[in-house]
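Presented below is the structure to which this report refers.
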Amino acid sequence: MPRSLNLVASRRRRKKIINQAKGYWGKRKNVYTIAKNAVEKGLLYQYRDRKNRKRNFRRLWITRINAAARLNDTTYSKLIHAMKQKDMQINRKVLADLAVHDADTFAAIVKEATA
């Protein structure tokens with residue numbers, strides 16, 4: 001019985017990896033075995049950094065809220081604690097946006113929470 005090579009499927013599988021490695025430097029873009037390793041590593045970084053992006057944005061929002069809160073004579077932790085006690089459900093993303101783009105509204109929120 002002749003040996004089956006399954007050439008179409010194996011070429012498609014290799015071409016998929018080579019296409020994913022477009023833009024890589026040197027042999028990483030055109031040698032299959034090296035490209036495969038580079039693509040797998042890139043996908044791992046991509047998965048990890050989707051989680052890290054959420055952390056980084058939360059840190060940024062907290063920093064912005066704290067800076068704006070200090071301009072309104074309070075701190076981040078005191079503000080968040082006061083908001084939780086008053087059951088004000090505004091998330092950090094919206095609060096940070098208000099702190100940057102609409103200081104008057106942010107000041108009103110701080111006043112309402114700390115009053």
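The values are calculated or read from the model by the stated rules, or taken from the named source; none is laboratory data. What you see is a predicted model; the values in this text were computed from it and never measured. All Cβ positions, even for glycine, are placed from backbone atoms using ideal geometry, and neighbour counts span all protein chains on display. Note: accessible area is taken over every heavy atom of the protein model, side chains too, but ligands, DNA and RNA are not part of it. Shrake-Rupley method; radii C 1.70, N 1.55, O 1.52, S 1.80 Å.
Expressed as a whole percent, the accessible area of the stretch 63-115 that falls on carbon and sulfur atoms is 50 (1.4 Å probe). Adding -39500 (n - 2.57) for every DSSP H run of four residues or longer, then dividing by how many residues the chain holds, sets the calculated 222 nm ellipticity at -25000 deg cm²/dmol.
Solvent-free Debye calculation, one equal scatterer per alpha-carbon of the chain: log10 I(q)/I(0) at 0.20 Å⁻¹ equals -0.99.
Given +1 at the Cβ of Lys and Arg, -1 at the Cβ of Asp and Glu and no other charges, the dipole of the stretch 1-67 around its Cα centre is 100 debye to the nearest 20.
Going toward the positive end of the dipole of the chain, with +1 on Lys and Arg Cβ and -1 on Asp and Glu Cβ, which of GLY26, HIS101, MET83 do you reach last? It is GLY26. Dipole check for the chain: with +1 at the C-beta of Lys and Arg, -1 at the C-beta of Asp and Glu, and the Cα centre as origin, the magnitude is about 1520 Debye. With K and R counted +1 and D and E -1, the other residues having a Cβ less than 12 Å from that of ALA82 yield a net charge of +2. Would you be so kind as to identify which of LEU5, ALA68, VAL110 lies farthest towards the positive end of the dipole of the chain, taking Lys and Arg as +1 and Asp and Glu as -1 on Cβ and the Cα centre as origin? Result: LEU5, furthest along the dipole toward the positive end. For the stretch 51-115, the solvent-accessible area with a 1.4 angstrom probe is 73 square angstrom per residue.
Legend: residue pairs LYS54/LYS86; LYS15/LYS54; LYS51/LYS78; LYS41/LYS84; LYS16/LYS93, Cα-Cα distance threshold 30 Å; pairs beyond threshold, LYS15/LYS54; LYS41/LYS84; LYS16/LYS93.
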